[in-house]
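The values are calculated or read from the model by the stated rules, or taken from the named source; none is laboratory data. Here the structure is a predicted model, which means the values were calculated and not measured. So basically every Cβ, Gly included, is an ideal-geometry build from the backbone, and we count neighbours across all protein chains shown. Note: areas computed on protein heavy atoms with side chains; ligands, DNA, RNA excluded. Shrake-Rupley method; radii C 1.70, N 1.55, O 1.52, S 1.80 Å.
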Amino acid sequence: RKEVEQDPGPFNVPEGATVAFNCTYSNSASQSFFWYRQDCRKEPKLLMSVYSSGNEDGRFTAQLNRASQYISLLIRDSKLSDSATYLCVVNIRGEKLTFGTGTRLTIIP
Amino acid sequence: DTGVSQDPRHKITKRGQNVTFRCDPISEHNRLYWYRQTLGQGPEFLTYFQNEAQLEKSRLLSDRFSAERPKGSFSTLEIQRTEQGDSAMYLCASWGASSNTQYFGPGTRLTVL
């Protein structure tokens, strides 16, 4: 079983729609959690950290459920510029990052 | 631009040749990480340094791979006797005490013919 599992997609959604991604992780000792965004042939860039209390950054909302070992990302009012691969990331011992395979999102005009 | 730089950005080589990549982290960051990413996969951890000490190596890092960070600043990753399976994006990331996560460089895309 992979340490971090995501639905690879692709998700093709119309502009303006709301889209949700989910991710599960297997190591209960995981300490910190993130969503990174990766554009085609570019490096991953931090989108947002994820906290148990839930956190919001503009149109993006992230949620962590430690009991279920489940992380989510919600994008509201999607824009064409949101098209990218979204990587679910956990940090297990405060050292290396462990990535999911990524979920590819395409926003359709 | 995260402040992490990598060189070269692209490398094409023939099977059996040696290649070396360089990473310059954000200057105040004491930790430097190497990852490898193949098509359709997320980045996979290879190794990391705290200052000049190499603290962890993944089982992905075969004996053909070696990494150094001699002065605790820039790092090099060398692959000897390259194989076609080494074709990937090699990503460097850095972390410092003031950061909540790692910041990635633009990567070196290696193609082994």
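Mind checking which residues of the stretch B:98-111 are open to solvent by less than 10 Å² (accessible area, probe 1.4 Å) and touching a residue at least 40 places away in the same chain (Cβ under 8 Å)?
Of everything in the stretch B:98-111, those that are open to solvent by less than 10 Å² (accessible area, probe 1.4 Å) and touching a residue at least 40 places away in the same chain (Cβ under 8 Å) turn out to be B:GLN102, B:PHE104, B:GLY105, B:GLY107, B:THR108, B:LEU110.
Scanning the stretch B:1-49 for residues that are open to solvent by 60 Å² or more (accessible area, probe 1.4 Å) and either assigned to a strand (DSSP E or B) or at pLDDT 95 or above (or both) gives B:ASP7, B:ARG9, B:HIS10, B:LYS11, B:ILE12, B:LYS14, B:ARG15, B:GLN17, B:ASN18, B:THR20, B:ARG22, B:GLU44.
For the stretch A:53-91, the set of residues classified as surrounded by 14 or more Cβ atoms within 10 Å (Cβ to Cβ), touching a strand residue (DSSP E or B) at 6+ places or on another chain (Cβ under 6 Å) and part of a loop (DSSP other than H, G, I, E, B) consists of A:GLN69, A:SER78, A:SER83, listed by residue number. Residues in the stretch B:93-113 that are farther than 13 Å from B:SER5 by Cβ and within 11 Å of chain A (Cβ to nearest Cβ): B:TRP95, B:SER99, B:ASN100, B:THR101, B:GLN102, B:ARG109.
Number of residues in the stretch A:23-52 that are assigned to a loop (DSSP other than H, G, I, E, B), of a type in the set (Lys, Arg) and surrounded by 13 or more Cβ atoms within 10 Å (Cβ to Cβ): the value is 1. Return yes or no: is A:ALA20 away from chain B (no Cβ under 11 Å), within 12 Å of A:LEU105 (Cβ to Cβ) and either modelled with pLDDT under 95 or not in a loop (DSSP other than H, G, I, E, B) (or both)? Yes: the conditions hold for A:ALA20. Take the conditions (1) over 22 Å from A:LEU46 (Cα atoms); (2) without any contact (Cβ under 8 Å) to a residue 24 or more places away in the chain; (3) not aromatic (Phe, Trp, Tyr); B:ASP1 misses just one of them, which is (1). State which residue is farthest from B:GLY3 (Cα to Cα) when the search covers only the stretch B:55-92 and only residues that are open to solvent by 70 Å² or more (accessible area, probe 1.4 Å) and within 14 Å of chain A (Cβ to nearest Cβ). Top of the filtered list is B:ARG59.
Only one of the numbered conditions (1) at pLDDT 95 or above; (2) closer than 29 Å to B:MET89 by Cβ is not met by A:ARG76, and that is (2). With respect to (1) open to solvent by 40 Å² or more (accessible area, probe 1.4 Å); (2) of a type outside the set (Asp, Glu); (3) out of contact with any Ser or Thr (no Cβ under 8 Å at 6 or more places or on another chain), the lone exception for B:TRP95 is condition (3). Can you pull out the residues in the stretch A:92-109 that are in contact with a strand residue (DSSP E or B) (Cβ under 6 Å, 6 or more places away or on another chain) and among the small types (Gly, Ala, Ser)? Once the filter is applied, which keeps residues that are in contact with a strand residue (DSSP E or B) (Cβ under 6 Å, 6 or more places away or on another chain) and among the small types (Gly, Ala, Ser), the stretch A:92-109 yields A:GLY100, A:GLY102.
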